[in-house]
Amino acid sequence: ELELDTPVDAVFSSAAFHWILDHDRLFARLHDALRPGGRLEAQCGGQGNIAELERCIDALAGEERFAPYLRTAQRPWNYASVGDTESRLAGAGFADARAWLEEWPVTPRDPQSFLRTVILPWHLNRLPDELHEPFVEGLITSAPRPLTLDYVRLNISARRASDPS
């Protein structure tokens, strides 16, 4: 729903776009928020992000005690590909649109806390309170050790075309 009274020179985002499911609309709104010649620079989770952990989450979510709350067609993340992102940026009217993937492995010092606050809020918000800890502990038990998240960052750089005048 982004609408600004005055266009801006630049938009910067870090680790947020993958939480927005409709990237076509996102890029159209960001394009409209920029002045001609304005820049978009962003980084978010991209195709393949936390793939191994996501497989563990999906398996755990299928267990009888968690499934009624977590089995849904909607996913919490949109880890887009380079091709889809560049196509969406061009479709929104951006020029010089470029996207690329970068591997960024992370081994959190406190895996339980990291999972609770960074990876699992969407899941935990759907579970009753008494299932929060069993879900986090189940994931810690099933995930490879030490827990290393295979982050894949999608870098985005684009410019709103200048007016032809």
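The values are calculated or read from the model by the stated rules, or taken from the named source; none is laboratory data. Since we're looking at a predicted model, the values are computed, not measured. Neighbour counts are summed over all protein chains in view; Cβ atoms, including those assigned to glycine, are modelled from backbone coordinates with ideal geometry. The area values use the complete protein model at the heavy-atom level, side chains included, leaving out ligands, DNA and RNA. Shrake-Rupley method; radii C 1.70, N 1.55, O 1.52, S 1.80 Å.
Each principal axis of the chain carries a Cα extent, and these read 62, 29, 24 Å when sorted largest first. If you take all other residues with their beta carbon under 15 Å from the beta carbon of residue 101, and give Lys and Arg +1 and Asp and Glu -1, the sum is -3. For the chain, the solvent-accessible area with a 1.4 angstrom probe is 55 square angstrom per residue. Packing order of peptides 52-63, 103-114, 77-88, highest average first: 77-88, 52-63, 103-114 (average count of other Cβ atoms within 10 Å over each peptide's residues). Residues whose amide H falls under 5 Å from that of residue 49, counting only those 5 or more places apart or on a different chain, are 152, with hydrogens built in the peptide plane.
Under the criterion of Cα pairs below 8 Å and six or more residues apart, the relative contact order for the chain equals 35 percent. By DSSP, what percent of the beta bridges with both residues in segment 5-154 are antiparallel, rounded to the nearest 5? If we restrict to bridges inside segment 5-154, about 55 percent are antiparallel.
Over the C-alpha trace of segment 92-165, radius of gyration and Dmax come out as 19.1, 62 angstrom. Can you give the FRET efficiency for residue 162 and residue 24, using 1/(1 + (r/R0)^6), R0 = 22 Å, r = Cβ-Cβ distance, to the nearest 0.05? About 0.40, to the nearest 0.05. Only helices enter this figure: runs of n ≥ 4 DSSP H residues, each worth -39500 (n - 2.57), summed and divided by the residues of the chain, yield -9500 deg cm²/dmol at 222 nm to the nearest 500.
Phi-derived couplings, Karplus 6.51 cos²θ - 1.76 cosθ + 1.60 at θ = phi - 60°, listed residue by residue for segment 137-151: 5, x, 5, 4, 5, 8, 7, x, 10, x, 5, 10, 8, 7, 4 Hz, with x used for Gly and Pro.
In the chain, the portion of solvent-accessible area held by carbon and sulfur atoms comes to 49 percent [1.4 Å probe, whole percent, DNA, RNA and ligands not counted]. For the chain, the dipole from Cβ point charges (+1 on Lys and Arg, -1 on Asp and Glu) about the Cα centre works out to 200 debye, to the nearest 20. Amide H contacts under 5 Å for residue 161: 37, 95, restricted to partners 5 or more places along the chain or on a different chain, H placed in the peptide plane at 1.01 Å from N.
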